1. Scan the stretch 226-237 and give yes if some residue there is touching a residue at least 60 places away in the same chain (Cβ under 8 Å), under 19 Å from Asn273 (Cα atoms) and either surrounded by fewer than 23 Cβ atoms within 10 Å (Cβ to Cβ) or within 16 Å of ligand 1 (Cβ to nearest atom) (or both), otherwise no.
2. Check off (1) closer than 29 Å to Val306 by Cβ; (2) free of Cβ contacts under 8 Å to residues at least 40 places away in the same chain for Ala108 and give me the number that stays unchecked.
3. Quick one: Lys32 ticks every box in (1) in a helix (DSSP H, G or I); (2) under 23 Å from Pro99 (Cβ atoms); (3) within 16 Å of ligand 2 (Cβ to nearest atom) bar one, so which box is it?
4. Tell me which residues, restricted to the stretch 212-263, are small (Gly, Ala, Ser) and in a loop (DSSP other than H, G, I, E, B).
5. Under 6 Å between Cβ atoms, which residue pairs at least 6 apart in sequence (or on different chains) link something in the stretch 193-207 that is within 13 Å of Ser167 (Cβ to Cβ) with a partner that is part of a helix (DSSP H, G or I) and among the hydrophobic types (A, V, I, L, M, F, W, C)?
6. With the requirement that a residue be of a type in the set (D, E, K, R), within 21 Å of Gly19 (Cα to Cα) and surrounded by fewer than 16 Cβ atoms within 10 Å (Cβ to Cβ), what does the stretch 112-158 give you?
7. State which residue pairs qualify: first residue without any contact (Cβ under 8 Å) to a residue 40 or more places away in the chain and assigned to a strand (DSSP E or B) and inside the stretch 159-172, second residue more than 10 Å from ligand 2 (Cβ to nearest atom) and basic (Lys, Arg) in any location, beta carbons under 8 Å apart, and separation of 6 or more residues or different chains.
8. What pairs come out if I take residues in the stretch 208-223 that are within 15 Å of ligand 1 (Cβ to nearest atom) and pair them with residues that are of a type in the set (Phe, Trp, Tyr) whose C-beta lies under 8 Å away, six or more apart or interchain?
Amino acid sequence: MIDLIKKLPKAELHLHIEGSLEPELMFRLAKKNNIDIPYKDIEDVRNAYNFTNLQTFLDIYYAGANVLITKDDFYDLTWEYILKCVEDNVIHTEIFFDPQTHTARGIAFETVITGIKEALADAKERYGITSGIIMCFLRHLSQQDAFDTLEEAMAFKEDIIGVGLDSSELGNPPSKFTEVFEKAKEAGFKLVAHAGEEGDFSYIYEALDLLGIDRIDHGVQSIHSDTLMQRLKEEQIPLTVCPNSNIELKVFEDYKAHNIKELLDYGLNVSVNSDDPAYFKGYINQNFINLCDNLPLTENDIVTLVKNSFRSSFIDDDLKQAYL
Ligand code: HPA
Ligand code: ZN
């Protein structure tokens with residue numbers, strides 16, 4: 001099984017580039033940029049990665065992102081992730097970034113996107129890895145802030161395939177962002193949103209009906225509504241599931257309690273993704289391996305999960321057919 005997982009060419013659809021910041025790079029950049037970080041060494045960092053829910057993770061994740069200052073920093077961050085893609089045989093990746101995390105610190109939108117974009121261009125040239133960039137709005141901030149970010153992004157429209165919604169879910173439902181998603185759709189962006197990670201299944205309904213999203217990120221709480229499950233199945237709406245993340249953030253008690261096999265057996269379009277791999281103990285292959293170690297997934301299931309990620313991707317139809 002492990003051989004199959006390693007061997008299969010994969011696509012990744014749910015990966016926050018800031019969440020691929022490994023402690024080693026964090027230390028190097030902190031030193032170079034003279035940024036204080038609250039850790040004395042790498043081991044200290046790893047010990048701090050002991051989360052009880054989404055918010056306890058986000059606090060540490062945003063603090064880590066403070067070391068990213070220059071275009072080269074964003075390039076190096078992205079390039080290190082690309083090297084993991086090579087290792088794990090990920091041949092297509094659609095990565096999230098959180099512009100507001102950086103612009104709020106005085107880092108220009110252009111600095112961030114250019115560093116990421118140049119690394120992805122080199123990934124294509126050097127390894128043939130195809131990619132897309134999705135900009136996420138931080139849902140703990142206001143819709144006006146998201147509107148301002150969308151406006152800033154328009155100058156880089158050619159570099160961004162979609163918009164998403166992430167950060168603290170509880171208390172910040174999709175309905176808070178209805179108008180800005182409508183505007184993003186008019187501008188031609190694909191739409192995704194984190195929904196039903198910690199929030200209940202009503203967040204998934206809102207993402208579908210009020211935001212008109214193309215994919216749900218996480219979505220594991222859909223299991224609590226039969227009507228929603230039927231709809232997700234009928235419409236084959238993609239759910240980008242992130243097993244390691246769900247365990248680390250205590251969405252499920254352990255891998256054996258994870259519902260991905262149930263979602264898959266029901267006929268939903270689910271895929272496996274790494275979310276924030278530097279914080280959640282592993283990249284995409286490790287997510288698959290942890291699932292296989294704990295759930296009765298068959299080889300057929302693995303192939304279906306991998307195919308789902310390609311068919312749910314935003315790549316052009318020609319390339320999609322080639323990948324499938
Ligand atoms: N959920 C919400 N926001 C996030 C996540 C997540 O899993 N990872 C990074 N930002
Ligand atoms: Zn996520």
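Where a number appears in this text, it was derived from the coordinates with a stated rule and is not lab data. It should be emphasised that the depicted structure is a prediction, and the values quoted were computed from it without experimental measurement. Please note: Cβ atoms are built from the backbone with ideal geometry, for glycine as well, and neighbour counts cover all protein chains shown.
1. The answer is no; no qualifying residue exists.
2. Going through the list (1) closer than 29 Å to Val306 by Cβ; (2) free of Cβ contacts under 8 Å to residues at least 40 places away in the same chain, Ala108 breaks only (1).
3. (3)
4. Gly212, Gly219, Ser225, listed by residue number.
5. Hits for this filter: Ala193/Ala207; Ala195/Ile204; Ala195/Ala207; Glu198/Leu54.
6. Asp122 - this is the single residue of the stretch 112-158 that is of a type in the set (D, E, K, R), within 21 Å of Gly19 (Cα to Cα) and surrounded by fewer than 16 Cβ atoms within 10 Å (Cβ to Cβ).
7. Qualifying pairs under 8 Å: Val163/Lys190.
8. Ile213/Phe181; Val220/Phe252; Gln221/Phe201; Gln221/Tyr203
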